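Below is one structure, written out as structure tokens; comments come after it.
The values are calculated or read from the model by the stated rules, or taken from the named source; none is laboratory data. Small disclaimer: the values here were computed from a predicted structure and weren't measured. With ideal geometry, Cβ positions are generated from the backbone for all residues, glycine too; neighbour counts draw on all protein chains shown. SASA here: full protein model, heavy atoms, side chains in, ligands and nucleic acids out. Shrake-Rupley method; radii C 1.70, N 1.55, O 1.52, S 1.80 Å.
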Amino acid sequence: MASKHAQNGLLPSVSPVPDRRFLCLFLPYWPTEYLKRLNPELSSPLILHEKIKGGLRLAAIDQVAAKEGLGIGQALADARALVPGAKVLEYDPVLLTSAFADFADWHSNASPLVAVMQDRSPFGDLVLDITGVAHLFGGETAMLRTLLSRLRKLNYTVTGAIASTIGAAWAVSHFAKSRIVAPHETTEQLEALPPAALRLDEAQIRLLAQMGLKTIGELRTRQRKPLLARFGSSMILRLDQAYGVIEERMTPRLPPADHYVERKFPEPISLLDDVLLTAADLAKKLGKLLEDEGLGAQTFHLFLYRVDHKVMTLSLNAGRLTRDPVHIASLFRHRAQRLEKENYDPGFGIDMVRLAASSINRLDATQLGTFTIESGASDIDQLTDRLASRLGAAAVLKTELVHSHIPERAARLVPALAGQNEILATDLDRPLRLLPLPELVAISAEVPDGLPASMIWRRQQYRLVKAAGPERLTAEWWNTGERLKLVRPQKPKPGEKPRPPPYIPDLPLFDPVTGTRDYYIVEDHEGHRFWVFRLGLYGGNVHPTWYLHGFFA
């Protein structure tokens with residue numbers, strides 16, 4: 001059957017996309033109904049306006065205004081004339097965007113994968129991937145009824161649908177009553193809906209109306225090539241996505257987590273201590289879940305679902321893979337100490353807490369013997385995690401080696417929770433402490449290129465009794481902003497075409513002698529060891545100078 005449709009250029013009726021289930025919620029009057037929840041004194045009809053192309057037009061309306069004949073995009077002057085008693089407010093996209101994001105995150109207590117659909121409007125459309133989740137509510141029917149009823153109790157106008165594709169669920173929720181579409185009913189349900197249910201733009205919808213195509217079923221019987229030439233690839237894509245020929249992916253707002261545990265409360269909690277006790281108990285369950293699968297995680301997320309449909313999120317990272325419940329709970333405890341001072345607001349209470357793990361990888365169990373001696377590395381890692389959780393990741397730093405032989409460029413400070421850097425093996429003798437910048441010193445030697453015999457640093461003289469070196473480090477010309485001296489090309493042979501002259505940038509010529517360093521390890525009569533170097537060579541253009549760069553233990 002599928003091959004026959006493909007030969008005729010029609011849409012295949014068999015979906016090659018893996019079976020998944022999606023729930024779409026449509027809230028047509030969400031902006032105005034949200035503002036009424038913020039301010040119960042606002043009366044109906046309520047309309048929001050914004051400035052579009054130099055004129056004031058309606059950006060959102062409530063249900064009463066819609067029944068009075070007002071519509072989105074209508075001129076504000078016309079709306080005032082039709083409904084003189086309407087309450088008019090200015091459209092605030094920043095406030096509504098932030099509020100709808102919180103509203104979407106709140107629905108992650110039903111499914112961890114929630115996305116905002118902005119195909120037709122920036123607000124009002126949510127999609128949830130409920131694959132493998134509906135049984136927690138007693139089935140798809142009970143789940144859809146639960147989500148719709150709790151929104152209607154909050155005075156939101158809402159319809160919803162469950163289908164095997166995002167496009168089908170969106171179409172049914174917008175253009176049919178709230179219902180569940182079984183996988184084998186997708187074609188039948190879609191074909192009776194108007195073409196606007198495919199999330200087409202206004203120009204495409206008008207053109208389809210001119211052609212007399214009133215349903216998706218009529219559109220689906222047409223040849224694809226003429227449709228592609230007339231409407232572009234976007235309409236063909238929407239058709240294929242609705243019927244499941246092409247998979248449509250959603251972008252979850254919260255980080256997706258395959259491993260999570262949660263706890264719901266019969267009565268909301270508000271104290272931070274209660275939240276931390278719950279997190280410690282969930283950490284034990286999550287650790288057991290990860291241990292059973294031989295896994296560990298580096299990132300953990302604590303979601304606090306408030307009864308006023310908002311979500312508070314606490315996310316933190318560990319330096320290494322872990323599933324230790326005590327360590328996980330301690331990280332959130334230290335983070336909470338900082339949160340309590342900033343903005344911990346439980347609202348009217350928290351009715352569910354979820355602990356999720358991401359950045360997951362294999363973590364095999366370690367067997368300790370009787371005579372095993374621990375190196376203490378795990379204790380240092382856990383201390384680093386706790387400090388970063390309490391002070392912030394940017395406040396705890398570590399040294400990362402860099403591929404450079406210039407000492408002050410060979411290392412840099414990075415966050416301690418950053419990935420493990422490559423350890424550069426070296427047998428060179430280096431001091432324990434480097435000065436922030438090399439300091440100028442006066443060195444005297446028996447002969448110019450001989451070993452240092454005495455040193456004056458910060459007006460104090462040191463008699464040097466031992467010295468070793470030199471270790472020569474040449475300058476890194478690629479970091480100097482200078483050019484190298486080019487070798488002249490050979491003259492062309494008889495009959496050969498002469499080569500064009502090489503390009504010479506307008507940069508000073510690099511002098512390898514000036515930037516060369518000769519390092520010495522010197523020791524004074526009291527046993528203090530210093531790391532000094534001579535910058536430049538005798539006989540060069542610049543007289544060499546001496547510097548102190550570090551100290552040995």
Checklist entry - Which residue pairs have Cβ atoms under 6 Å apart, sit 6 or more places apart or on different chains, and have a first residue in the range 229-252 that is at positive phi and open to solvent by 70 Å² or more (accessible area, probe 1.4 Å) and a second that is among the charged types (D, E, K, R) and modelled with pLDDT of 90 or more? => result none
Item to check | Search result, residues across the range 68-85 that are open to solvent by less than 60 Å² (accessible area, probe 1.4 Å), over 15 Å from Thr32 (Cα atoms), assigned to a loop (DSSP other than H, G, I, E, B) and touching a residue at least 24 places away in the same chain (Cβ under 8 Å) | outcome: Val83
Item to check | Selection within the range 121-148 - open to solvent by less than 50 Å² (accessible area, probe 1.4 Å) and under 18 Å from His309 (Cα atoms) | outcome: Phe123, Gly124, Asp125, Leu126, Val127, Leu128, Met143, Leu144, Leu147, Leu148
Checklist entry - Which ones in the range 206-224 are open to solvent by 40 Å² or more (accessible area, probe 1.4 Å), among the aliphatic types (A, V, I, L, M) and either in a helix (DSSP H, G or I) or touching a Cys at 6+ places or on another chain (Cβ under 6 Å) (or both)? => result Leu207, Ala209
Checklist outcome for this item: Leu339 vs (1) at pLDDT below 75; (2) over 25 Å from the mean Cα position of the chain (by Cα): all pass except (2)
Checklist entry - Within the group Val513, Val532, Val522, which residue is hydrophobic (A, V, I, L, M, F, W, C) and either out of contact with any strand residue (DSSP E or B) (no Cβ under 9 Å at 6 or more places or on another chain) or surrounded by fewer than 16 Cβ atoms within 10 Å (Cβ to Cβ) (or both)? => result Val513
Checklist outcome for this item: Residue hits (the range 277-296; buried (at least 19 other Cβ atoms within 10 Å of the Cβ) and closer than 21 Å to Ser108 by Cα) are Thr278, Ala279, Leu282, Ala283, Leu286
Checklist entry - Which pairs have Cβ atoms under 9 Å, sit 6 or more apart or on different chains, and link a residue in the range 140-161 that is farther than 25 Å from Lys36 by Cβ to one that is open to solvent by less than 40 Å² (accessible area, probe 1.4 Å) and among the charged types (D, E, K, R)? => result Glu140/Arg21
Checklist outcome for this item: Exactly one of Ala65, Ala60, Ala101 is open to solvent by 10 Å² or more (accessible area, probe 1.4 Å) and on the phi < 0 side of the Ramachandran plot, and that residue is Ala101
Checklist entry - Are there any pairs, at least 6 apart or on different chains, whose C-beta atoms fall under 8 Å, with the first in the range 106-121 and without any contact (Cβ under 8 Å) to a residue 24 or more places away in the chain and the second surrounded by 20 or more Cβ atoms within 10 Å (Cβ to Cβ) and not in a loop (DSSP other than H, G, I, E, B), and if so, which? => result Gln118/Asp125
Item to check | Extreme residue, surrounded by the most Cβ atoms within 10 Å (Cβ to Cβ), among residues of the range 263-276 that are in a helix (DSSP H, G or I) and at pLDDT 90 or above | outcome: Val275
Item to check | Subset of the range 211-257 (residues that are within 28 Å of Arg21 (Cβ to Cβ), of a type in the set (A, V, I, L, M) and more than 39 Å from the chain's Cα centre (by Cα)) | outcome: Leu219
